[in-house]
Amino acid sequence: QSFRRVRAEKGEGEEKPTATMNNPMYNAILKWSIAQTDTSDANRTPPAPMDPEKKAFLDKVMADMMEDEGKTMRELIEQMQGPEENLLDVERKEEAMEDLLDRIDKIDNAINLHALKGLVPAIKLAATSKHGGVRSRAADIVAVAVKNNEKCQQWAMEGGALQTMLALHLGIVAGEGGEAAGVGEVEKVKALSAISGLVQNFAPAEKEFLEADGMQALREDLAPASAPKLKMKAAFFLQWLLRDSAPARAIAVKETLVPHLAIAASDLQHPDLGENASLALAELLKHDAPAVKAALPAGVGEGLRARIAELEKEGEFGADAAKCARALISDLGL
């Protein structure tokens, strides 16, 4: 069965069935498929070839389902652009956006999101909605749509997505009357996910991101006082960006990301943060080892060794991360 994970402001929420699961045609096809492929009975007679009439029926059902999907997406996009005059309006809008998120996980539907004129409105909602839940879901829609999807990356860039997400990530939103609205941690994390999806493997977005002081923003995300989820997302972003982009590596050294990365690499409470920060540091070492070593804060070696000791307690589950941390200590000469 397929499930939709509720993307709530307080973190990971409960899992709910998707709309597809409640579609009678889908369930009928699923039952028929299971019956045709059941291998639990060794003496079972192989299924007979499908006769033309059944095949024609199945083709029609599948076509109707595809038409229903497009119709449903149009309705959800319309609901996404509805009013926000009261809490009930906002709740309905957020539910529609959740349903839309579930559907655009499929690359064809992500492309259809733009064709049905839903991508640009989502970008605008991230910039203008007065409600954090709507803004975070709008950023999430952009993040899902553009991930590994060059067409959607291009369309989103043309719709001003990068500048919008950079502003949201920095906590800048134009509320009613042009006043600044408060932006929470979840929104900033979702905005960073969207930025990452826009930039990865898309040179125009990477160039604009670097020119817009994006690396400086990531440095602030990694600051010790920053929220853990934001630090983890920034470290993940940096580990592949520094691997793939020479300009990003040069800026990272110049803008002194090294101290924050080194402290994050020693983090004992968040394994993913420590691992991704270690990978990012390793990429910088390949670029300019003397500058990286000169920028290390005091106590990094002790911090990395403490992290290795904790990883070793996890046995085989922590073995790869511990190996990465040992290699980093060696490369740093600590």
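Report, in listed order, any pair from Lys55/Lys147; Lys151/Lys293; Lys71/Lys229; Lys231/Lys323 with a Cα-Cα distance greater than 30 Å.
Over 30 Å apart, Cα to Cα: Lys55/Lys147; Lys151/Lys293; Lys71/Lys229.
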Roughly how many Å is it from the Cα centre of the range 119-195 to that of the range 225-261, as a whole number? 21 Å
At 1.306 mPa s and 10 °C, plugging the Kirkwood radius over alpha-carbon pairs of the range 69-136 into Stokes-Einstein gives what diffusion coefficient in µm²/s? 133 µm²/s
Accessible area of the range 184-273 divided out per residue, in Å², using a probe of 1.4 angstrom: 40 Å²
Express the carbon and sulfur contribution to the solvent-accessible surface of the range 246-334 as a percent, rounded to the nearest whole number, probe 1.4 angstrom. 55 percent
Only loop residues by DSSP count here, and only those with at most 12 other Cβ atoms within 10 Å; note down the GluC sites (Glu not before Pro) in the range 260-330 that meet that. Glu314
What are the GluC sites (Glu not before Pro) within the range 191-255 that DSSP puts in a loop, where the Cβ has at most 16 other Cβ atoms within 10 Å? Glu255
Quantify, in whole percent, the carbon and sulfur part of the accessible surface of the range 129-207 (1.4 Å probe; protein heavy atoms only). 48 percent
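The values are calculated or read from the model by the stated rules, or taken from the named source; none is laboratory data. A quick note: this is a predicted structure, and the numbers were derived from the prediction, not measured. Ideal geometry is used to build each Cβ from the backbone, glycine not excepted, and the neighbour counts take in all protein chains shown. Remember, those area values only see protein heavy atoms, side chains included, never the ligands or the DNA or RNA. Shrake-Rupley method; radii C 1.70, N 1.55, O 1.52, S 1.80 Å.
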